[in-house]
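A.B. asks: The following block contains the structure, expressed as structure tokens.
The values are calculated or read from the model by the stated rules, or taken from the named source; none is laboratory data. All values reported here derive from a predicted model rather than from experimental measurement. Cβ: placed from backbone, ideal geometry, glycine included. Neighbour counts: every protein chain shown.
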Amino acid sequence: MRFRLTIGRRIGMGFGLFIFFALLVVVLTNSTLERSRSINTEINEVYSPSVDAVVRLRNLVVNTQMLIKFWANNESIPDAPEKTALIALTEQDLPRLMDRLDTLSAGWEKEELALLNKSFGEMDKLFVMHERIKAILPSLSSYKDPFVWMERSELAEEGGPLDEQTRILLADVDELLKMQEAKRQSLSGGMIRSFDSLKFFVLYLGSGLVVVGIIVAFLIIRGIVGPVQKLRTVLLSLGRGVFPRTRIHARNDEIGEMSQALTGLIDGLKRTTEFSHAVAAGDFNADYQPLSEEDMLGHALLKMRTELGERERILETKVKERTEEVVRQKEEVERQSRKVVELYKNVTDSIRYAKRLQESILPPEKRIKELLPDSFVLYRPKDIVSGDFYWVEEVNKKVIFAAVDCTGHGVPGAFMSLVGHNGLNQSIKEHGNTRPSDVLRDLNRISYETLHKDRDQFVRDGMDMALCALDPERLLLEYAGANCPLYLVRDDEVVQYAPDKRPIGGFDIGNEGFTDHRIQLRKGDVVYIFSDGYADQFGGPKGKKFLYRRFRELLVEIHNKPMDRQKALLLDALNQWRGAQEQVDDVLVIGMRA
């Protein structure tokens, strides 16, 4: 029987080889880690604590030597701190430490145990001398006994028996410490060598494992993924309706069987496509044979050929009828389009003519410069015509000027501006009013009668206004406002004059009037009146309103500059704030320097 290298066998062989090397790395790594763990346990549980205990033993011996010398050489009471400290060391700390060393020595070598026992013996000799000194010097009076003093001097003198015994004991302890430290260093070196072995296993065997993995992946990609990718490419192309240009080579495995099936599918689809093209071209007699009796698509195509032939004849008749109807509708649409264009042009021309009429009621710039030499007017309508307007005239040696904001903007606002302009002319020029509060009160009556005459329902149309009367000789400014404040910039500060919170023409004429503000100007003061369009403009990084606070800061910043320059700076600031946002309202700002 011929051996067949199937996809499953290829994958199994590749992963079996990879798993073998992986297990080898795991076993060697685990063995090295166990050895390292054993060494680490011996260091941490035996020799590191032993070294610490021996070091502490040496320190305690040195401390006891200092304290017993104090006992012997210094007259002191029995409960002196040095004596009580010595007793605590010899009766508590040293016994506990010796028990600790005795427990740790269970894991020591013979040489270390012998040296430890020798050290304990030397310590017993030393403590016998300690006890002798304590016995002959039990109290303060004992220091006066000459015989006791002679015995004490013999024991505790420099270089005497006490010092010699201490030196012998410390020499043994130092030797023991040296042996313990050497053993710990040796074990640490063994751990380092163990970790070097682990590094070797992880680095080199791991690298070998990566190489094996790459080889296995390469074989799988070459033998399995590559052919599958080719089949995938062919299927994706078929999904987009594109037939492959090259044939698929058959192989002796599952992919080869799929390739043969896909080749048969492509041949059948090509014949189906050729038949569909023929039917689409109107050849309803084209020949086509289904693949089998169960070929649902083939039989459906034959049925489609018969039905399409019949529908083509029906559609030809309907197309002729619909074509005639579409031609008639097209002619009607073109006729209506021409009427809309003509109507739009007429409306636009009318509004532009209304703009010229509105501009004709505004005072020319030359007249403004005659009456207010150091001033500017920033006027930017939102639409072609505006609901904001300004008014400047000289009456009885007073220059009267106003900034007016009518309800709405565009055409409705423009109509309201005519009402306001005519009302100002009537109140000031015909009725002779020059006091701002009287003008506003009279204008409110005129507007109310104009807007609400013979009406049953109340109309909330009206206007906001800031009206000023300037006596140039005395620098005396009178101001009254309907919802429009006045800003006076003096000494880099803004002084605000509040208006009355009601509009012109929007309330009953029987209500109380408006408030006058008399302002004694100084040379260099700058007065600003304005509508709400500038502060209400949306823009900035977050699309919010400019606001009056930011408007006041801008006025303080620019008020010392020439008036024409102020106008340009205000316009630049507005455009920069607005950015790509649409202008939301008409903008009007009037500035005048005293």
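A.B. asks: Among the residues of segment 373-389, which ones are surrounded by 22 or more Cβ atoms within 10 Å (Cβ to Cβ) and closer than 21 Å to Asn425 by Cα?
C.D. replies: Val385, Ser386, Gly387, Asp388, Phe389
A.B. asks: Right, here's the next one. If you check His517, His559, which single one turns out to be surrounded by 14 or more Cβ atoms within 10 Å (Cβ to Cβ) and closer than 24 Å to Arg441 by Cβ?
C.D. replies: Going through His517, His559 in turn, just one is surrounded by 14 or more Cβ atoms within 10 Å (Cβ to Cβ) and closer than 24 Å to Arg441 by Cβ: His517.
A.B. asks: Among the numbered criteria (1) surrounded by 16 or more Cβ atoms within 10 Å (Cβ to Cβ); (2) free of Cβ contacts under 8 Å to residues at least 40 places away in the same chain, which one does Tyr534 miss?
C.D. replies: The one condition Tyr534 does not meet is (2).
A.B. asks: Follow-up question, since we're still on this one. Would you mind stating whether Val587 is closer than 26 Å to Gly387 by Cβ, touching a residue at least 24 places away in the same chain (Cβ under 8 Å) and in the same structural domain as Trp391 (by TED's automatic domain parsing)?
C.D. replies: Criteria met by Val587.
A.B. asks: Would you call Glu111 charged (D, E, K, R), part of a helix (DSSP H, G or I) and either more than 30 Å from Ser50 (Cβ to Cβ) or under 60 Å from the mean Cα position of the chain (by Cα) (or both)?
C.D. replies: No.
A.B. asks: Return a yes/no flag: does segment 429-442 have any residue that is surrounded by fewer than 16 Cβ atoms within 10 Å (Cβ to Cβ), of a type in the set (Gly, Ala, Ser) and without any contact (Cβ under 8 Å) to a residue 60 or more places away in the chain.
C.D. replies: yes
A.B. asks: All but one of (1) loosely packed, with under 12 Cβ neighbours inside 10 Å; (2) in contact with a Lys or Arg (Cβ under 7 Å, 6 or more places away or on another chain) hold for Pro81, so report the exception by its number.
C.D. replies: Among (1) loosely packed, with under 12 Cβ neighbours inside 10 Å; (2) in contact with a Lys or Arg (Cβ under 7 Å, 6 or more places away or on another chain), the lone unmet condition for Pro81 is (2).
A.B. asks: Also, quick follow-up: Taking Arg502 as the residue in question, decide whether it is touching a residue at least 40 places away in the same chain (Cβ under 8 Å) and either in the same structural domain as Lys369 (by TED's automatic domain parsing) or farther than 22 Å from Thr407 by Cα (or both).
C.D. replies: So Arg502 does not fit the description; no.
A.B. asks: Further question: Looking at segment 170-191, I want the residues that are within 26 Å of Phe127 (Cβ to Cβ) and have a partner that is buried (at least 16 other Cβ atoms within 10 Å of the Cβ) and at pLDDT below 75 with Cβ atoms under 9 Å, at least 6 apart or on another chain. Which pairs are those?
C.D. replies: From segment 170-191, the pairs are Gln180/Tyr47.
A.B. asks: Could you check Ile77 against (1) hydrophobic (A, V, I, L, M, F, W, C); (2) assigned to a helix (DSSP H, G or I); (3) out of contact with any helix residue (DSSP H, G or I) (no Cβ under 7 Å at 6 or more places or on another chain) and say which number it fails?
C.D. replies: (2) is the only condition that Ile77 fails.
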